[in-house]
Amino acid sequence: MAIIEAIETVYLEADAANITFSSIAGYEHLELIMSLRGTRDTSQIYTEATLNADDGSNYSTRRIHASGGNLYGQSTASDSDFFNNYNSTSSGVSGRGDLYSYGRLTIYDYLNTNKNTTVSEDWTTLLGDLSYGNTDRDTGVWDSTAALTSIRVRSDSSYSLSRGSTITLYGIKSS
């Protein structure tokens, strides 16, 4: 039976460029549960995750995306972050500052230095005009055998994560 423990919750009292977790030792797997909104007021922004502050070209992702009438798959390699397709709902789309995007990022066997770190992600966003939503399912690999010591979640470009956004980090271990 697995034991899941909340390690840390960050609730943004003010807009922030990023959120970093570094108290992550002692578990088999990690999971981030996120409720995010961005500061861009004209459309969605992308949210990115990096491991151990590695901004090099060391991430690969396979993605299935569905939105409105669209369904497609996508592959990326040699990226500088994980899952830059996270969609965090903007704070001002059609005046809908109450909309948040929800996601789960699971990092498997993150302390094992004999293999690359594997990650999975589920994400859903309702667009500000309420016309349709997006949903994504991703898997990815961090091309490094280093033990994971930190996770950084940030918005893309010159935007920030909005006040009210929340991320909780969980640790998962066998009983």
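The values are calculated or read from the model by the stated rules, or taken from the named source; none is laboratory data. None of these values were measured; they are calculated from a predicted model. Reconstructed Cβ throughout: ideal geometry from the backbone, glycine too, with neighbour counts over all protein chains shown.
Thr61: in contact with a strand residue (DSSP E or B) (Cβ under 8 Å, 6 or more places away or on another chain), assigned to a strand (DSSP E or B) and either without any contact (Cβ under 8 Å) to a residue 12 or more places away in the chain or within 12 Å of Leu161 (Cα to Cα) (or both), yes or no? So Thr61 does not fit the description; no. Restricting attention to the range 25-42, the residues that are farther than 17 Å from Thr149 by Cβ, surrounded by 13 or more Cβ atoms within 10 Å (Cβ to Cβ) and over 15 Å from the mean Cα position of the chain (by Cα) add up to 3. Taking the range 7-19 as the search range and keeping residues that are assigned to a loop (DSSP other than H, G, I, E, B) and not aliphatic (A, V, I, L, M), which one is surrounded by the fewest Cβ atoms within 10 Å (Cβ to Cβ)? Within the range 7-19, the match that is surrounded by the fewest Cβ atoms within 10 Å (Cβ to Cβ) is Glu13. Screening Ser22 against (1) surrounded by fewer than 16 Cβ atoms within 10 Å (Cβ to Cβ); (2) touching a Ser or Thr at 6+ places or on another chain (Cβ under 7 Å); (3) of a type outside the set (A, V, I, L, M, F, W, C); (4) modelled with pLDDT under 90 leaves a single unmet condition, (4). Here Ile4 qualifies as in a strand (DSSP E or B), touching an Asp or Glu at 6+ places or on another chain (Cβ under 9 Å), closer than 25 Å to Ser175 by Cα and of a type outside the set (Gly, Ala, Ser). Within the range 73-122, the set of residues being in a strand (DSSP E or B), modelled with pLDDT of 85 or more and not polar (S, T, N, Q) comprises Gly73, Tyr102, Gly103, Arg104, Leu105, Ile107, Tyr108, Val119, Glu121, Asp122.
If you check Ile45, Ile64 for being at pLDDT below 75, under 21 Å from Asp136 (Cβ atoms) and more than 12 Å from the chain's Cα centre (by Cα), only one passes: Ile45.
Within the range 37-77, the set of residues being among the acidic types (Asp, Glu) and over 19 Å from Arg152 (Cα atoms) comprises Asp41 only.
Consider Ala17 carefully, then state whether it is closer than 15 Å to Gly164 by Cα and among the hydrophobic types (A, V, I, L, M, F, W, C). Criteria met by Ala17.
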